[in-house]
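Chemist: Submitted below is the structure of interest, expressed as structure tokens.
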């Protein structure tokens with residue numbers, strides 16, 4: 001490992017004939033113990049990147065090193081140290097969770113005791129379902145089982161490819177909590193997601209990927225500071241006419257779902273904005289301030305909102 | 001070793017819990033044995049029904065009908081003389097019918113007078129796509145030969161002795177059992193493996209496995225060992241059922257027990273080789289059927305290969321199931337160890353070729 005760096009990626013490219021650039025010159029590094037999130041819409045190149053790092057695809061060019069080992073030249077020293085939850089994970093239908101863990105541990109030459117299996121099922125809150133056939137588990141429970149399988153070999157680096165896609169809000173929050181707990185134990189986590197709130201809440205570092213390129217990277221706070229403003233004044237239900245009126249007064253604003261959003265950088269700018277707004281006759285349902293989020297940054301960088309991984313105009 | 005063992009246990013639990021696996025491993029061969037056994041060995045009236053329209057009604061035509069009945073091959077039914085036979089055949093969808101013309105007696109008399117230069121004729125209507133047609137034609141031929149002897153006052157000087165069964169095969173089931181075992185070994189190994197490859201690819205299990213320490217050849221060995229054990233258990237069960245239900249004489253020799261893992265080896269490897277091309281369970285079923293069904297019918301499981309046209313015999317000669325069926329019959333029915341070992345050798349060579357090709361060509365990763 002070089003100076004605590006677990007993953008080092010440089011100018012990574014993956015191209016498919018005739019001219020598809022799935023990954024286009026991506027560079028980043030992940031430090032030990034970090035939760036690193038690769039954020040982007042469907043087709044941005046997240047899974048291609050993560051599968052190159054998992055040894056499942058070969059890059060067209062560039063380098064990727066994990067634990068200072070080149071993933072293309074020899075993956076065998078890495079295999080023991082990583083855990084993988086693939087996108088759209090499906091457990092083996094006919095195995096019970098405890099059997100699946102015992103089976104998976106055996107594929108790493110590891111014999112696990114029932115006590116260790118119980119402890120692992122506790123981590124993912126599946127103890128009560130340990131004797132249910134896997135095909136009868138809910139979507140969230142299946143993902144939890146997938147995470148448990150990825151932890152069975154005590155990995156130092158965990159790849160979670162869209163772990164909460166398609167889950168209900170409660171199941172998503174459960175998995176966020178689980179990822180936090182895993183990270184607290186020192187495991188480095190590589191998380192791909194298209195949920196902006198997930199990346200903002202969990203990640204120490206985020207790379208926003210769009211059309212195979214990283215368009216921004218840094219901690220969520222750094223990204224918000226660098227690419228956006230810290231606070232947004234929300235004129236709820238003000239509508240399009242109000243937006244035009246606000247802009248006519250020289251105030252930078254955007255419209256989202258009928259709300260007019262006015263970003264402000266600091267308290268002095270906020271006072272100035274309020275003064276200008278007080279002189280305008282507009283009808284609003286409500287007016288409040290909120291912190292700017294990664295979603296605002298994403299909107300600013302990409303020019304589109306993202307819903308379930310799909311870019312919306 | 002421990003990885004292979006873990007995969008056998010993990011996969012085995014899934015297989016045994018899935019009803020499909022249990023059906024094709026155990027219930028399917030038993031059903032085949034009981035069904036075909038009931039058709040071919042149970043008592044019952046196995047005579048072919050032959051409708052006859054006798055427009056003559058004289059002593060020669062009645063003697064011909066009696067001689068046909070005496071063959072024991074046909075049961076005579078009467079088509080009324082006033083019916084038009086062509087219309088009657090169509091209206092009743094008859095696959096067989098015999099017409100004795102109204103001047104049959106006169107034709108016989110003329111033939112006798114002409115000292116054999118003229119001949120009397122009957123007409124057999126037969127749908128040759130049906131196996132009963134051959135039986136009916138044989139019965140008519142025998143009856144005609146008998147009548148010719150009677151009319152010419154000749155005595156037969158050559159006859160066939162009592163029918164002897166080759167090897168230990170005294171009934172149909174002795175010959176059929178190895179074929180059923182062959183089909184069971186093929187369907188369980190070949191169909192299951194190609195379908196498994198489709199499912200593993202569609203559900204990204206191969207990718208998941210590729211992230212563990214299990215290697216492709218270990219996975220293949222695990223499947224070979226698992227299917228060998230299951231198919232040995234299936235052979236013992238099927239053999240016991242055939243013995244109890246039909247008192248077969250075929251024996252379970254040590255070479256027969258060796259043939260099972262050899263069969264699992266060749267068909268598991270072949271299934272994995274087919275799995276190289278499949279992307280999902282649906283395409284795997286199509287490919288396995290395209291290869292497996294012709295093999296099932298052309299490899300001597302149901303019909304003797306010697307009854308096929310030459311080009312189909314050539315096709316049968318390149319099918320692994322042919323050598324498996326032959327080897328199993330050679331040891332279970334004929335006690336012919338040399339021939340069994342020769343067939344075993346072919347199976348092992350084919351298995352090794354398929355194994356190496358499957359290990360090399362199959363990719364668990366994305367291309």
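Chemist: Kindly state, as a whole number, the per residue volume in cubic angstrom of the convex hull around the alpha carbon atoms of segment B:1-71. If you can, show how the numbers build up before the last one.
Modeler: On the way: hull volume 10.2 nm³, N = 71.
Dividing the Cα hull volume of segment B:1-71 by its residue count gives 143 Å³.
Chemist: Over what distance in Å are the Cα centres of segment B:176-227 and segment A:35-81 separated?
Modeler: The two parts, judged by their Cα centres, are 29 Å apart.
Chemist: Translational diffusion coefficient, Stokes-Einstein: compute it for the protein assembly as shown using the Kirkwood radius over C-alpha pairs as Rh, at 25 °C and 0.890 mPa s, and state it as an integer in µm² s⁻¹. Let's see the in-between values first.
Modeler: On the way: Rh = 31.7 Å.
Approximately 77 µm²/s, per Stokes-Einstein.
Chemist: Would you mind ranking B:147, B:119 so that the residue whose beta carbon has the fewest other beta carbons within 10 Å leads the list? Walk me through the numbers on the way to the answer.
Modeler: Details: B:147 18, B:119 12.
Placing the least packed residue first, the sequence is B:119, B:147.
Chemist: Can you work out the FRET efficiency for the pair residue A:87 and residue A:27, with r the C-beta to C-beta distance and R0 = 25 Å, to the nearest 0.05?
Modeler: 0.65
Chemist: Counting only other chains, what is the mean number of Cβ atoms within 10 angstrom of the Cβ of each residue in peptide B:134-144?
Modeler: Details: counts 0, 0, 0, 0, 0, 0, 0, 0, 0, 0, 0.
That works out to 0 on average.
Chemist: Please give the direction-averaged projected area of the C-alpha convex hull for segment B:48-152, in square nanometres with one decimal. If you can, show how the numbers build up before the last one.
Modeler: Numbers: hull surface 25.5 nm².
Average of the hull's projected areas for segment B:48-152 equals 6.4 nm².
Chemist: Now for a different question. Viscosity 1.002 mPa s, temperature 20 °C: Stokes-Einstein D of segment A:8-47 from its Kirkwood Cα radius, in µm² per second?
Modeler: The diffusion coefficient I find is 186 µm²/s.
Chemist: Per DSSP H run of at least 4 residues, take -39500 (n - 2.57); add these up for chain B, divide by its residues and hand me the 222 nm value, nearest 500 deg cm²/dmol.
Modeler: On the way: 16 runs with 233 residues, N = 367.
Computed ellipticity for chain B at 222 nm equals -20500 deg cm²/dmol.
Chemist: How far is helix B:104-113 tilted off the main Cα axis of chain B, in degrees rounded to 10, range 0 to 90?
Modeler: Value to nearest ten degrees: 70.
Chemist: Could you pull the Cα extents of segment B:214-311 along its three principal axes, largest to smallest, in whole Å?
Modeler: Principal extents (Cα only, largest first): 45, 39, 22 Å.
Chemist: Rounding to the nearest 10 and keeping the result within 0 to 90°, find how far the Cα-based axis of helix A:139-151 lies from the longest principal axis of chain A.
Modeler: That works out to roughly 60 degrees.
Chemist: Ok, one more. In nm, to one decimal, how far is the modelled label at residue B:297 from the one at residue B:339, with both set 7 Å along Cα→Cβ?
Modeler: 2.6 nm
Chemist: While we're here: Starting with the fewest neighbours, write out B:265, B:26 ranked by other beta-carbon atoms found within 10 Å of each beta-carbon. All intermediate terms of the calculation are to be shown ahead of the outcome.
Modeler: Details: B:265 24, B:26 18.
Listed from fewest to most nearby Cβ atoms, that is B:26, B:265.
Chemist: May I pose another question? Taking only Cα atoms, what is the 0 to 90° angle, nearest 10, from helix B:131-152's long axis to the longest principal axis of chain B?
Modeler: The angle comes out at about 30 degrees.
Chemist: If you bin every alpha carbon distance in segment A:229-291 into 5 Å steps from zero, what whole percent lands in each bin?
Modeler: The percentages, shortest bin first, are 4, 20, 35, 29, 12, 1.
Chemist: So if R0 is 45 Å, what FRET efficiency would residue B:150 and residue B:353 give, r being the distance between their Cβ atoms, rounded to the nearest 0.05?
Modeler: Efficiency, from the Cβ-Cβ distance: 0.10.
Chemist: Can you sort A:252, B:82, B:366, A:102 by how many other beta carbons sit within 10 Å, fewest first?
Modeler: Lowest to highest Cβ neighbour count: B:82, A:252, B:366, A:102.
Chemist: Then there's this: D for segment B:179-222, whole µm²/s, Stokes-Einstein with Kirkwood Rh over alpha-carbon pairs at 25 °C and 0.890 mPa s: what number?
Modeler: My calculation gives 210 µm²/s for D.
Chemist: Where the centre of each part is set by its Cα atoms, how far does segment B:107-143 sit from segment B:27-92, in angstrom?
Modeler: A separation of 16 Å, based on Cα centres.
Chemist: Simple spin-label model, 7 Å along Cα-to-Cβ: residue B:17 to residue A:289 in nm?
Modeler: Those two pseudo-labels are separated by 5.6 nm.
Chemist: Still on this structure, please answer the following. Using just the Cα positions, wrap segment A:86-184 in a convex hull and report its mean projected area in square nanometres, one decimal place.
Modeler: Working: hull surface 23.4 nm².
Projected area, direction-averaged: 5.8 nm².
Chemist: So what's the Cα pair-distance distribution over chain B, bin width 10 Å, in %?
Modeler: 5, 19, 23, 17, 14, 11, 7, 3, 1, 0
Chemist: Let me ask you something else. At a Förster radius of 41 Å, what calculated FRET efficiency corresponds to the Cβ-Cβ distance of residue A:113 and residue B:35, to the nearest 0.05?
Modeler: The computed FRET efficiency comes out at 0.25.
Chemist: Per residue of chain A, what 222 nm ellipticity follows from adding -39500 (n - 2.57) for every DSSP H run with n ≥ 4, rounded to the nearest 500?
Modeler: Mean residue ellipticity at 222 nm (helix-derived): -10000 deg cm²/dmol.
Chemist: Determine the shielding of peptide B:200-213 by partner chains: average, over its residues, the number of Cβ atoms on other chains within 10 angstrom of each Cβ.
Modeler: Averaged over the peptide's residues, the number is 6.
Chemist: Among the DSSP beta bridges whose two residues both lie in segment A:5-219, what percent are antiparallel, rounded to the nearest 5? Before the final figure, lay out each step's value.
Modeler: Values: 21 of 39 bridges.
Once the DSSP bridges in segment A:5-219 are tallied, antiparallel ones form about 55 percent.
Chemist: What is the average number of partner chain Cβ atoms found within 10 Å of a Cβ in B:254-261?
Modeler: 0
Chemist: Using the basic label-point model (7 angstrom from Cα toward the beta carbon), what is the residue A:10 to residue A:255 distance in nanometres?
Modeler: Roughly 4.9 nm, to one decimal.
Chemist: Whole number please: convex hull volume per residue, Cα atoms of chain A, in Å³. Before the final figure, lay out each step's value.
Modeler: Values: hull volume 48.8 nm³, N = 313.
Once divided by residue count, the hull of chain A is 156 Å³.
Chemist: State the Cα centre-to-centre distance between segment B:247-320 and segment A:280-313 in whole Å.
Modeler: The two parts, judged by their Cα centres, are 63 Å apart.
We did not get these values from a lab; they are worked out from the coordinates using the rules stated. Predicted model only: the values in this text are computed from it and were never measured. Cβ: placed from backbone, ideal geometry, glycine included. Neighbour counts: every protein chain shown.
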